[in-house]
Amino acid sequence: MIEFEHVTKTYPRTHTHALKNVHFSIQKGEFLYITGHSGAGKSTLLSLILRRITPTEGRVFILGQDLSRLRPSRLPLLRRRIGMVFQNHRLLPNMSALDNLVFALRATGERGNLEHRALLALRQVALAHKRKAYPVELSLGEQQRVAIARAMVTNPPLLLCDEPTGNLDPDTSWEILELLNDINIKGTTVVVATHAKELVDQLRRRTIVLRSGQIVRDDDAGGYSL
Ligand code: ADP
Ligand code: ADP
């Protein structure tokens, strides 16, 4: 599903070695945390998966594709198969919850009864009753659940989350984590980049720890501190 083959990323302008010889793979159906302090290289790793940037050395394989051989014209197709959830939900403020999902479906070129599909996705995050609400009319946790529904509405095989509970209190964080766990159990590969120790401890899953761009730990069901 994801394979990093001795990947080094150096940002040329600042000569920052953001990742150094990073080597790991993630199988279909796994749930993985990527942790480490701010600056450890988590965002760089996610950007490589999305091919927003290319490695300085090494190769990245995503969904069976060698990204170094991926033609630019095929890039939208790759990204369509990867759901993204951010720290800030990034919902469109001038659209209802339902319309945010319909918009996402339409943007990927989907046709047919999009409202019905959007409603099904909202139902899966238990927010069908809030379909007409605008983001500002939702709690932070609800906003993030809508964002997760939006990421999943196209049924991507891979879901990437960048600090998905960054703005949330512990109870709401746990709710989001349970939701991500459910999504994983239904078969989607889930990758969560976070520095939230509580999160990683609460639901123990494989954990890769980055420090200054290097993998210093890769444990099944790791937990943050042992
Ligand atoms: P520091 O003194 O700089 O905090 P640490 O060794 O405590 O050094 O941590 C370095 C990095 O490794 C940090 O990014 C931290 O988040 C991560 N880290 C260290 N130990 C663990 C652990 N047991 N589980 C998860 N992450 C860890
Ligand atoms: P994290 O997400 O764990 O906070 P990042 O991947 O953002 O870590 O950053 C890793 C290192 O690369 C940091 O030293 C950061 O300053 C640097 N970095 C990140 N993005 C860029 C960029 N676009 N240009 C130059 N340096 C960058």
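The values are calculated or read from the model by the stated rules, or taken from the named source; none is laboratory data. Just so you know, these numbers come straight off a predicted model, no measurement behind them. All Cβ positions, even for glycine, are placed from backbone atoms using ideal geometry, and neighbour counts span all protein chains on display.
Scoring residue 59 on the criteria (1) surrounded by fewer than 14 Cβ atoms within 10 Å (Cβ to Cβ); (2) not assigned by TED's automatic domain parsing to the domain that holds residue 146 leaves a single failure, condition (1). When 46, 19, 50 are checked against the criterion of being within 15 Å of ligand 2 (Cβ to nearest atom), buried (at least 21 other Cβ atoms within 10 Å of the Cβ) and touching a residue at least 40 places away in the same chain (Cβ under 8 Å), 19 stands alone in meeting it. The residue of the range 62-89 that is surrounded by the fewest Cβ atoms within 10 Å (Cβ to Cβ), among those that are closer than 15 Å to residue 5 by Cβ and either free of Cβ contacts under 8 Å to residues at least 12 places away in the same chain or not assigned by TED's automatic domain parsing to the domain that holds residue 190 (or both), is 64. When the residues of the range 186-218 are narrowed to those that are of a type in the set (D, E, K, R) and more than 8 Å from ligand 1 (Cβ to nearest atom), which ends up surrounded by the most Cβ atoms within 10 Å (Cβ to Cβ)? Checking each candidate, the answer is 205. In the range 38-62, the residue that is nearest to the chain's Cα centre (by Cα) out of those that are within 14 Å of ligand 1 (Cβ to nearest atom) and of a type in the set (Gly, Ala, Ser) is 43.
For the range 121-130, the criterion of a residue being at pLDDT 95 or above, among the basic types (Lys, Arg) and away from ligand 1 (no atom under 16 Å from the Cβ) is satisfied by at least one position.
The residues of the range 44-92 that are of a type in the set (Val, Ile, Thr) and closer than 30 Å to residue 132 by Cα, listed by number, are 82, 85.
Tell me, yes or no, whether the range 195-217 has at least one residue that is within 16 Å of ligand 2 (Cβ to nearest atom), more than 22 Å from residue 87 (Cβ to Cβ) and hydrophobic (A, V, I, L, M, F, W, C). Yes.
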